[in-house]
Amino acid sequence: MPDAAAFEGFYREHLARIVRACFLVTLDRQVAEDVAAEAFARLWSRWGVIVSEDHAGGFVFKTAMRLCTRELRGNRSGLAAAVGHRDQLDEAMVRRDVTDALARLPLRQRQAVVLGDWAGFGTREVARLLGTRESTVRVHLARGRAALRATLGERQVDDG
Amino acid sequence: MNEERDLVVAELLDRAARELVPEDRLGSVLRYGSRRRWKAWTGVTLALVLFLGAVGWAALVVGRGPRMDRSGWQTYSGPRTGWSLEYPPEWRVQVISETCETGGYRGAVAVTSVDFVFRNPDGRTDDCFGRWVLAGFPADGVAVLVHPAGIRPGLFGREPDTEFPLSFHDLTGTSGIRGGPREYYLPIWIAGEEVYFLRAWIGTGASEGDVAALRGLVASVTFDLRYPRGAFEWCPSLHDVSVFGPQPRRQATAAAEEFVEALRDGDEKRLAEVVDASAPVGLSPWAGVSTTAGWKARSRGPASGDGLVVFGCGRAVATSTWRVLLDDGTPSASLDTTLYLVQRPEGWKVWGAY
């Protein structure tokens with residue numbers, strides 16, 4: 001039998017990070033929590049096969065990103081809904097502006113920025129998690145950052 | 001870590017997400033994950049079973065080759081041979097013998113697609129157990145010969161019983177005959193006894209049609225496995241037969257004595273109490289059992305090694321049967337009778353005698 005206690009420890013340690021990453025990509029808290037739960041459930045179904053925690057972290061991030069992509073591509077109205085929900089999610093102006101700016105980014109750029117800048121993965125890891133080439137990730141990162149800066153303006157950036 | 005990380009963007013993103021506290025769904029995650037695991041293993045197992053089944057089926061189909069249409073073929077089955085084969089009507093049948101036998105099966109026959117007579121080195125054509133001279137076998141011919149194996153006690157190991165229908169792939173090729181046809185053979189084992197040999201020859205120039213017909217002929221070879229046969233006209237049902245109890249020798253012998261006394265007195269009611277339900281009712285089926293004065297019953301143990309019972313009723317009956325010898329008190333063993341008994345819930349019952 002797989003070690004449920006070890007899984008629970010991993011789950012509690014990584015849940016918030018995964019949900020937040022999913023939220024930044026989907027811009028929908030409910031979708032983010034659902035996607036994270038499914039990614040962890042898939043991890044649990046393979047727990048014991050995936051041995052080290054490093055691999056488990058990579059697996060759950062990769063699965064979550066795929067599920068995010070599936071959710072957004074499967075539901076085109078999801079993005080609009082996410083923008084509509086943002087007021088419920090964020091009371092602070094900054095948060096609203098950030099989610100607005102993220103919502104305007106193409107999905108791949110948003111994923112690259114979230115994984116590369118927010119989650120702190122290197123270009124190679126981001127490429128592996130997204131199933132694409134490093135050079136492509138660099139392009140997405142550069143364009144995503146530029147778009148965010150342009151949308152948010154130097155004021156917020158400087159305030160930050 | 002990403003050495004090219006844009007910390008300003010990172011901070012902005014973090015502001016949007018840092019206060020999000022996710023709901024704890026560990027319970028549902030574990031349940032859903034467990035279901036996924038179960039489905040995955042079930043799927044893998046099912047896929048494996050289907051794959052192995054498909055491979056097995058394919059192997060069976062390939063191994064058996066295309067089924068030959070044998071409609072219109074003739075059947076060879078000699079007088080009380082206990083076996084038969086089918087052959088194309090235009091082929092030739094050479095009955096070598098209808099009397100030689102092994103294990104209760106009789107007769108030997110050769111079937112050829114060409115004009116050829118099987119002989120042994122002496123020139124005889126009626127020798128069931130001899131060697132066969134293949135000199136002059138036509139290159140375009142094929143042939144099958146089915147003959148008794150003869151008795152070869154203890155020289156060869158025991159093999160599992162042959163399963164029917166046969167496939168040509170069941171036959172073993174020999175090193176062949178220099179300049180002659182390819183040669184194949186199959187020993188046929190029934191009830192733990194090597195009873196017959198099936199031999200086949202394929203000429204170097206034989207047509208595909210004749211080879212296919214030869215395969216069909218081999219597939220048609222059938223040995224009668226129905227019981228009873230041989231020395232017995234009936235066999236006991238094994239429905240509620242129990243394994244031998246702790247005192248089979250004494251109890252079985254007592255039942256045998258009761259049987260003989262009832263038979264001697266002509267008491268059908270008493271006889272019915274000790275005769276197995278598988279046997280016909282009445283005194284007449286036991287007319288051959290000697291009940292002259294002076295007989296003694298001697299327990300002889302299980303019948304698992306008794307060739308008569310193994311052949312006549314099968315190995316399962318033999319291993320469940322206990323033998324009691326009725327010694328008629330004379331020096332002649334030929335006048336003695338062996339009784340065969342099985343143990344039912346209500347006691348030991350005589351089911352046969354020889």
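The values are calculated or read from the model by the stated rules, or taken from the named source; none is laboratory data. Values in this document were obtained by computation on a predicted structure and should not be read as measured data. Here Cβ is always computed from backbone atoms with ideal geometry, including for glycine, and neighbour counts include all displayed protein chains.
Brief remarks on what is shown
- Subset of segment A:40-58 (residues that are more than 9 Å from chain B (Cβ to nearest Cβ) and either at pLDDT 90 or above or farther than 17 Å from A:G9 by Cβ (or both)): A:V49, A:G58
- For segment A:1-27, the set of residues classified as more than 9 Å from chain B (Cβ to nearest Cβ) and closer than 16 Å to B:V21 by Cβ consists of A:E13, A:H14, A:R17, A:C22, listed by residue number.
- Hits in segment A:1-50 (condition: part of a loop (DSSP other than H, G, I, E, B) and more than 16 Å from B:R37 (Cβ to Cβ)): A:L27, A:D28
- If you filter segment B:128-139 down to residues that are surrounded by 14 or more Cβ atoms within 10 Å (Cβ to Cβ) and out of contact with any strand residue (DSSP E or B) (no Cβ under 6 Å at 6 or more places or on another chain), you find that the one that is farthest from B:A110 (Cα to Cα) is B:P138.
- B:R250 being surrounded by fewer than 17 Cβ atoms within 10 Å (Cβ to Cβ), part of a helix (DSSP H, G or I) and out of contact with any Ser or Thr (no Cβ under 9 Å at 6 or more places or on another chain): no
- Only one of the numbered conditions (1) more than 7 Å from chain A (Cβ to nearest Cβ); (2) at pLDDT below 85; (3) out of contact with any helix residue (DSSP H, G or I) (no Cβ under 8 Å at 6 or more places or on another chain) is not met by B:G27, and that is (2).
- Taking segment B:269-293 as the range and being at pLDDT 90 or above and over 35 Å from the mean Cα position of the chain (by Cα) as the test, the residues that pass are B:K269, B:R270, B:L271.
- Some residue of segment B:298-305 being assigned to a strand (DSSP E or B), surrounded by fewer than 22 Cβ atoms within 10 Å (Cβ to Cβ) and at pLDDT 85 or above: yes
- Qualifying residue in segment B:39-60 (condition: at pLDDT below 85 and either closer than 24 Å to B:W189 by Cα or crowded, with 16+ Cβ neighbours inside 10 Å (or both)): yes
- If only residues of segment A:1-39 that are among the aromatic types (F, W, Y) and touching a Leu at 6+ places or on another chain (Cβ under 7 Å) are counted, the one that is farthest from B:S28 (Cα to Cα) is A:F23.
- Taking segment B:89-109 as the range and being over 26 Å from B:G230 (Cβ atoms) and crowded, with 16+ Cβ neighbours inside 10 Å as the test, the residues that pass are B:W91, B:Q94.
- Residue check, B:G107 of a type outside the set (S, T, N, Q) and either touching a helix residue (DSSP H, G or I) at 6+ places or on another chain (Cβ under 7 Å) or over 23 Å from B:T222 (Cα atoms) (or both): no
- Residues that are modelled with pLDDT under 95 and surrounded by 21 or more Cβ atoms within 10 Å (Cβ to Cβ) within segment B:111-127 comprise just one, B:F118.
- Hey, B:K349 exposed (fewer than 14 other Cβ atoms within 10 Å of the Cβ), among the basic types (K, R) and over 27 Å from B:V195 (Cβ atoms) or not: no
- Residues of segment B:253-287 satisfying the condition of being surrounded by fewer than 18 Cβ atoms within 10 Å (Cβ to Cβ) and either under 23 Å from B:S320 (Cβ atoms) or among the acidic types (D, E) (or both): B:A254, B:E257, B:E261, B:D265, B:D267, B:E268, B:A272, B:E273, B:A277, B:P280, B:V281, B:P285
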